[in-house]
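The values are calculated or read from the model by the stated rules, or taken from the named source; none is laboratory data. All of these numbers come straight from a predicted model, not from anything done at the bench. Here the Cβ is made from the backbone with ideal geometry for all residues, glycine too, and neighbour counts use every protein chain on show.
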Amino acid sequence: MRSFEEPGSAPPSATDAFVERLFAKGDEYLHDTYATIGDAVRFHTKLAGVSFEGRQDVIAGLHAGAPLELRRQADNPHDSNAIAVHYGQLQLGFFNRRLAAHIAPLMDAGARYGARVASLTGGGSGGEFKHRGVNVVVEREASGVLQRADAAAAQRPDIEADATETGERIRSALIGASAPHEAQRAVLERVEAGKNTLAVLGTGRGKSFCFQYAAAMRAFTGGGKTLVVYPLRALANDQHEALRRTLEPLGLRFFRANGSIDSDEREDLFAALREGSWDVILATPEFLEFHREAFRGRSTPSFVVVDEAHHLAESRHRPAYSRLPATISSLGNPPVLALTATAGDETFRRIVDDLRIESWVIDPTVRSNLHVTDARGTKDKIGYLTELFSAVESPQAKGIIYCHSRPEVTKVAQRLRAQLGNKVMFYHGKMPNAERLEVERLFREGELRVVVATSAFGEGIDLPDVRNVVLFHLNFDSGEFNQQAGRAGRDGSPAEIHLLYGPHDRTLNEFLIDLDAPPLERLREIYRGLRGLARPSTGSGQALVRGGNTEIAGTLEIDRVRDRTIDAALRIFSDSRLVEVGEDDDGRFVRFLSVSGRIEMERNERYAEGEATREAFLRFCELALFAPAETLERVLNRPIYPSNIHLRR
C-alpha cells in the first residue's frame, strides 16, 4: 500500500483507527436499512411479531393518532433487544429485530421515545379486506418533549429574543465564523425591505445562504413560512440534506414536496400542511401546481423563493413553469426572491416580468482561480487519481471525488485507499451522523486529505480550501455539475476541477433515470403486464395482483424494469386513479380501478417531474460531453448577466 506519509514515520493514530473502523463497516452501511435510524427525530415502522385472540377487533378500534407506549423487554428469551408496543395494557406487537437492534441500545442508554398510530394497513370496502396490522410513527424525546413537528418549538430560538442574537445564531449555523459578502448583504437588505428581488450570483457565491438565512429569520422571529421552488426534485433533495444538517438543530421545521418521497414522508408533509406546522417547504413546480390548494389558510406562505430562476425562460414548455407566476399570485402575491447564475438579456427580462421583480443584485465576480482539467474518457480512473494525489505539491492539499452512488463511493474509496493509505475516506447519506461529522472534522483539519463522496458532501459544509474536485461520473444536470465543481477553491486560491466522466456514462445515467422515472411507453408496458398478472379476488371478484415490487418486476421480465421501476410506476398509477395499492391478511395487493376516458399522464405530478429530470439530463449532456474545457470553465467561474443593466437596483 502506498501512503501519503513516509513508511514508518509515525505509529498508528486515532485517525487511522477511525478509518480502519469505518472501512470495516462499509458494506454494513450500504445494506443495513436502519444504519442511520438512531439519528432520526421521527420515523415510521410497521409492527410485527404477535397474534392474540380478538386482535383484529382491537386493531379495528384503533385510529390514527392513538397514543402508544414502547416497552423494552431486555429479558425477552427470543431477542434481548426486543421492544414491545402497547396500546394501554394490550401488547400490539414488536419492532422488527433489525430495527430493535439499533434503537434498544439507545433506549438502554437513556433515550426516550414516544409513539402513536400513523395508519392501519388493510381495510377496503364491504368488509372484504381485513385489517392486517398497524403502522406507527415513533418520535424521539428531548428534555422530556416529543420532537414532533408541532412540538419542535422546544428547540427553536426564543422569538422574543433580540433579532440580532437570533440572526447571529442562524449565520453561525450556516457559514460558521465567516461573514456574508457584500452581494449577499445587498440581497438580504432588499428581501428584508419586502421587495421582490432577483439575485444573480455565480457558482459558489452563496445563493443558498441568502434564502436560508431569510427563511430562518422569518420563521424564528415572526412565524413566517417560506416556499422554495426548484426545477428538479434532486436539487430539492440535496437542499433538504443541507437544512437537516444546519438548521434542523435550531428547530426549523422543513419538508420536501415532490414525487420521490415515500408514503410515510408524504403523510407527514400533508399533515404539516393541514396543521400549518412547517417553516420551509422545498417543492417542484409540478407539486405546487397540483397541490396549490394545500397552501391556504394556516399554510399560506409569506415568502416564496424561486431557485434556478432561469427555468422561467428555459422551461416554459413545462406547464407548471408557464403557470408559476399565476400560481404564486394565487397564494396572495407574497414577496419573492429569485436566484440564478444564468440571466442573459432575454432570461433576465422574463424573470423580471413574470415575478414582478422590483429590485436586483448582480454580483459580477469572476472566480479566476478555478481551472478545468479535461480528462474526459480516461480509461484508468483509479490510476489517474493515484497519480493526482501522489503528485500534488502540498501534502495538505485536499480533494473531493464525486461519484453517483453509495456503492460506487465505497468501491472507489477502497481502491484508492489501497494505493494511498489512511488519508482517504468515503462519505454518503447512509452513514450515521456522528461518523459523517467526524469525517468532516478530520478533513477540515487536514487529517484526511481525500474524501470520496456522493452529492451529500458539500451542502451545508464550509470547506474553503479544497484544491481538487474530481467529477468521477457524469452529472445528471447542470445544477449538480455547478454545485459540485464550485466547491473547489472557495478561499480564492488556485484550484482544479478534473473531468473524469466520458460518453459511456451517458448510457448508465439514462438507465438510472429510467429506473426511477419510467417513460410513457414503459409505463404502458408495465400496466399491460400487471393486467395480465391480475387474478379475480375470492371476495369481490375484482382483479388483483399480489406481491411486492421485486416479485412483480421478476415476474414481468420487462427490459430495464427493476423493483424501483415498479414502485415508481405504481405511485404514478395510484395518483392517476388507475390502481389502488393496499394490504390485507394475504399481503400487499394491487387492485385495478374502473377507468373512463383517456388518462393524461402529463397531468400527473410524479410523471411530469420524471420527464423534467430526463429532459434536463439530455440538455446537460450536450454541454458536458462535447463543449471545450474552456467553455465549461467559463460556465463555472462567472455568472451570466444582461448587458446595459445597472448591477444594483
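When segment 556-598 is filtered for residues that are more than 25 Å from GLU510 (Cβ to Cβ), of a type in the set (A, V, I, L, M) and not in a strand (DSSP E or B), the ones remaining, listed by number, are LEU578, LEU593, VAL595.
When ALA553 is tested against (1) at pLDDT below 95; (2) of a type in the set (Gly, Ala, Ser); (3) assigned to a helix (DSSP H, G or I), just one condition goes unmet, and that condition is (1).
Each residue in segment 322-352 was checked for being in contact (Cβ under 8 Å) with a residue 40 or more places away in the chain and within 14 Å of ALA612 (Cβ to Cβ), and 1 pass. The strands (runs of 3 or more DSSP E) located wholly in segment 347-459 that include 3 or more residues which are farther than 28 Å from GLU314 by Cβ occupy 398-402, 424-427, 450-453. Look at ALA153 and say whether it is at pLDDT below 95, among the hydrophobic types (A, V, I, L, M, F, W, C) and within 27 Å of the chain's Cα centre (by Cα). Judged against the criteria, ALA153 is a match. Here LEU508 meets each of (1) more than 20 Å from the chain's Cα centre (by Cα); (2) in the same structural domain as ALA413 (by TED's automatic domain parsing) with one exception, condition (2). Remark: pairs (first residue in segment 493-512, part of a helix (DSSP H, G or I); second residue among the charged types (D, E, K, R); Cβ separation under 9 Å; 6+ apart in sequence or on different chains) = GLU510/ARG614; PHE511/ARG560. If we scan segment 624-632, do we find a residue that is at positive phi and either assigned by TED's automatic domain parsing to the domain that holds THR340 or not basic (Lys, Arg) (or both)? No.
Against the conditions (1) under 19 Å from THR226 (Cα atoms); (2) in contact with a Pro (Cβ under 6 Å, 6 or more places away or on another chain); (3) surrounded by fewer than 21 Cβ atoms within 10 Å (Cβ to Cβ); (4) not aromatic (Phe, Trp, Tyr), SER330 satisfies every one except (2).
Answer yes if at least one residue in segment 279-287 is hydrophobic (A, V, I, L, M, F, W, C) and more than 26 Å from ALA219 (Cβ to Cβ), and no otherwise. Within segment 279-287, not a single residue is hydrophobic (A, V, I, L, M, F, W, C) and more than 26 Å from ALA219 (Cβ to Cβ).
Suppose we keep only residues that are out of contact with any strand residue (DSSP E or B) (no Cβ under 7 Å at 6 or more places or on another chain) and not charged (D, E, K, R) within segment 410-419. Which one would you say is modelled with the highest pLDDT? Checked segment 410-419; the qualifying residue modelled with the highest pLDDT is GLN414.
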